Amino acid sequence: MSGFRRILLCYDGTREGQHALKDGAALAQDLTAEVHLLSVLNNTAWMQGADITSAVPLDFINESAKAVLDEGLQKLAARGIRATGHLAIGEPLDEIPFFANHLNVDLVVVGHRRSHGLARWWSGRHDGLLLDRVTCSVLVTMGAAVEAPAAVAGTGETAQSAEQS
């Protein structure tokens with residue numbers, strides 16, 4: 001894996017994004033790779049007719065997106081990682097490949113939400129997968145396991161509470 005010299009971490013502030021940030025940061029440290037952090041403000045709801053732009057000032061939306069990016073950069077800095085931040089407004093399935101190709105990265109790190117197919121950054125719309133749109137490797141982080149029902153855990157506890165014991 002020493003071929004990963006430039007890594008693009010995709011961060012949106014969600015739990016899955018935080019796992020991608022943490023896992024990607026650990027990998028970047030191990031490989032002493034150059035790190036780029038991309039935060040994409042997904043505007044698909046606006047483009048599909050939701051009139052959010054008239055209800056929420058554009059400055060507020062931009063400030064919120066910038067705050068998510070700054071949060072990710074601060075988390076990386078706390079780990080001793082110097083990263084270059086990039087902010088994009090658009091569809092993640094379009095923006096991630098654009099930045100991956102523009103920055104000539106060797107690896108893209110994204111988070112995956114198991115329970116909600118629409119939230120997947122690596123699959124997105126029906127017009128193609130992220131994997132089909134980049135020329136580099138993609139690491140999909142899964143985060144914590146989904147809680148198992150009590151009957152499956154075997155002790156009358158959930159899997160999560162069993163781990164805490």
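Considering only the range 8-20, state which residues are modelled with pLDDT of 95 or more and either surrounded by fewer than 21 Cβ atoms within 10 Å (Cβ to Cβ) or under 11 Å from LYS75 (Cβ atoms) (or both).
LEU9
Confirm whether LEU69 is touching a strand residue (DSSP E or B) at 6+ places or on another chain (Cβ under 9 Å), at pLDDT 95 or above and either assigned to a helix (DSSP H, G or I) or surrounded by 21 or more Cβ atoms within 10 Å (Cβ to Cβ) (or both). Break it down into steps so the answer makes sense when it comes.
Values: touching a strand residue (DSSP E or B) at 6+ places or on another chain (Cβ under 9 Å): yes; at pLDDT 95 or above: no; either assigned to a helix (DSSP H, G or I) or surrounded by 21 or more Cβ atoms within 10 Å (Cβ to Cβ) (or both): yes.
No, not satisfied.
Please specify each residue of the range 128-155 satisfying the condition of being modelled with pLDDT of 90 or more, part of a loop (DSSP other than H, G, I, E, B) and of a type outside the set (S, T, N, Q).
Once the filter is applied, which keeps residues that are modelled with pLDDT of 90 or more, part of a loop (DSSP other than H, G, I, E, B) and of a type outside the set (S, T, N, Q), the range 128-155 yields VAL134, CYS136.
Here is a yes/no grid of residues against (1) modelled with pLDDT under 95; (2) assigned to a helix (DSSP H, G or I); (3) surrounded by 13 or more Cβ atoms within 10 Å (Cβ to Cβ):
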| residue | (1), (2), (3) |
| --- | --- |
| LEU27 | no, yes, yes |
| VAL35 | no, no, yes |
| ALA50 | yes, no, no |
| ASP59 | yes, yes, no |
| ALA65 | yes, yes, yes |
| LEU73 | no, yes, yes |
| ILE89 | yes, no, yes |
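The values are calculated or read from the model by the stated rules, or taken from the named source; none is laboratory data. All figures in this text were calculated on a predicted structure; none of them were measured in a lab. Positions of Cβ are generated from backbone atoms using ideal geometry, with glycine treated the same way; all protein chains shown enter the neighbour counts.
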